[in-house]
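A short worksheet on the structure shown next.
The values are calculated or read from the model by the stated rules, or taken from the named source; none is laboratory data. What you see is a predicted model, and the numbers here were worked out from it, not measured in a lab. With ideal geometry, Cβ positions are generated from the backbone for all residues, glycine too; neighbour counts draw on all protein chains shown.
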Amino acid sequence: MKKYTYTEKKDTRSGFGAGLQQLGQTNPNVVALCADLIGSLKMDAFKAENPERFFQVGIAEANMIGIAAGLTIGGKIPFTGTFANFSTGRVYDQIRQSVAYSDKNVKICASHAGLTLGEDGATHQILEDIGLMKMLPHMCVINPCDYNQTKAATIAIADYKGPVYLRFGRPTVPNFTPADQKFEIGKAVMLNEGTDVTIIATGHLTWKAIEAGEKLAEQGISAEIINIHTIKPLDDEAILKSIAKTKCVVTAEEHQMNGGLGDSVAQLLSRHTPTPQEYVAVNDSFGESGTPDELMTKYGLDTIDIINAAHRVIKRK
């Protein structure tokens, strides 16, 4: 098992803020809009350096999406910012009609996704957003794993032509990917080559997949670990190549089992090579208030859950 280390934990939303700040300095067409959550989205630096390119819309998320769609007509590249729940569920009609259907070059940037929003509770812990967004034609869906990858993704999507949903979170997580990485939309990242089971992880579950791989190696099980930061378009080739070798797969995500990364992988495999699969995801449930660590444990999204899923799926080969 390849050894991964980290020197610090950082929140992925700060990676977005750093990437947006860099874009403000290098791309004059980038503009930013926020729905009254500048500090939470770490958009302060962009606003301070580019006040003429920043728009505080207030608690009017639907209006924000409409304004962003309009700004693209003049050649601007708008980045919208609010919580994931408000970025998707609250404004789905506006995204569908004004952004996706019209294929507008809007970057919908969403923080505080998943259970790790923590104490704010079920009303804010959206676990359906990946499914909502990936079903929309033209929409690219990205869910990076740490600070460095989120910063790189934020910079990369400015050059991508078309609507993007960029998902990140509030808690601090191990920052282990290279600071100078090249982010390739739609290209999976091989973290560890293995022969017994494929573990496909996204977002905050990626580091837990690495931890699971280390424990499995101690038990004599060789896990191939893949970081899928782009859920749509999915890297079909990388997944199918891995499955051809291991013959079974575990998918791990901080999202509902229905509609998430696991569903995308299952659809791919059903079309090409039906394969035993286990899901590490929230099983048809809303969240609740609690610390991020408590919630990840209660809802089955921990390192041990990936390990147990690997054992189950290997038995099904």
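Computed values, structure above
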| item | result |
| --- | --- |
| Given (1) more than 14 Å from the chain's Cα centre (by Cα); (2) assigned to a loop (DSSP other than H, G, I, E, B), index of the condition residue 145 fails | (1) |
| Sole residue being part of a loop (DSSP other than H, G, I, E, B) and β-branched (Val, Ile, Thr), chosen from 130, 95, 126, 155 | 126 |
| Which numbered condition residue 103 fails, given (1) surrounded by fewer than 24 Cβ atoms within 10 Å (Cβ to Cβ); (2) in contact (Cβ under 8 Å) with a residue 60 or more places away in the chain; (3) in contact with a helix residue (DSSP H, G or I) (Cβ under 7 Å, 6 or more places away or on another chain); (4) in a loop (DSSP other than H, G, I, E, B) | (3) |
| Test: residue 1 is more than 16 Å from residue 167 (Cα to Cα), touching a residue at least 24 places away in the same chain (Cβ under 8 Å) and either part of a loop (DSSP other than H, G, I, E, B) or of a type in the set (D, E, K, R) (or both) | yes |
| The stretch 141-157 residues that are under 25 Å from residue 259 (Cβ atoms), paired with ones that are of a type in the set (Lys, Arg) and outside any strand (DSSP E or B) (beta carbon under 7 Å, 6 or more apart) | 141/134 |
| Tally, over the stretch 167-199, of residues that are without any contact (Cβ under 8 Å) to a residue 60 or more places away in the chain, hydroxyl-bearing (Ser, Thr, Tyr) and surrounded by fewer than 21 Cβ atoms within 10 Å (Cβ to Cβ) | 1 |
| Test: residue in the stretch 148-155 that is surrounded by fewer than 24 Cβ atoms within 10 Å (Cβ to Cβ), touching an Asp or Glu at 6+ places or on another chain (Cβ under 7 Å) and of a type outside the set (A, V, I, L, M, F, W, C) | no |
| Single condition residue 210 does not satisfy, out of (1) assigned by TED's automatic domain parsing to the domain that holds residue 248; (2) in a loop (DSSP other than H, G, I, E, B); (3) out of contact with any helix residue (DSSP H, G or I) (no Cβ under 7 Å at 6 or more places or on another chain) | (2) |
| Residue in the stretch 203-220 that is under 23 Å from residue 68 (Cβ atoms) and crowded, with 19+ Cβ neighbours inside 10 Å present | no |
| Selection within the stretch 195-224 - β-branched (Val, Ile, Thr) and within 21 Å of residue 10 (Cβ to Cβ) | 202, 206, 210 |
| Selection from the stretch 38-61 of residues that are surrounded by fewer than 21 Cβ atoms within 10 Å (Cβ to Cβ) and touching a residue at least 60 places away in the same chain (Cβ under 8 Å) | 40 |
| Residue in the stretch 195-213 that is at pLDDT 95 or above, among the acidic types (Asp, Glu) and under 19 Å from residue 4 (Cα atoms) present | yes |
| Filtered residue count, the stretch 259-317, keeping only those that are part of a loop (DSSP other than H, G, I, E, B) and β-branched (Val, Ile, Thr) | 3 |
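Quick grid of which residues meet (1) without any contact (Cβ under 8 Å) to a residue 40 or more places away in the chain; (2) surrounded by fewer than 19 Cβ atoms within 10 Å (Cβ to Cβ):
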{"site": "223", "(1), (2)": "no, no"}
{"site": "245", "(1), (2)": "no, yes"}
{"site": "253", "(1), (2)": "no, no"}
{"site": "256", "(1), (2)": "no, no"}
{"site": "267", "(1), (2)": "yes, yes"}
{"site": "280", "(1), (2)": "no, no"}
{"site": "300", "(1), (2)": "yes, yes"}
{"site": "307", "(1), (2)": "no, no"}
{"site": "312", "(1), (2)": "yes, yes"}
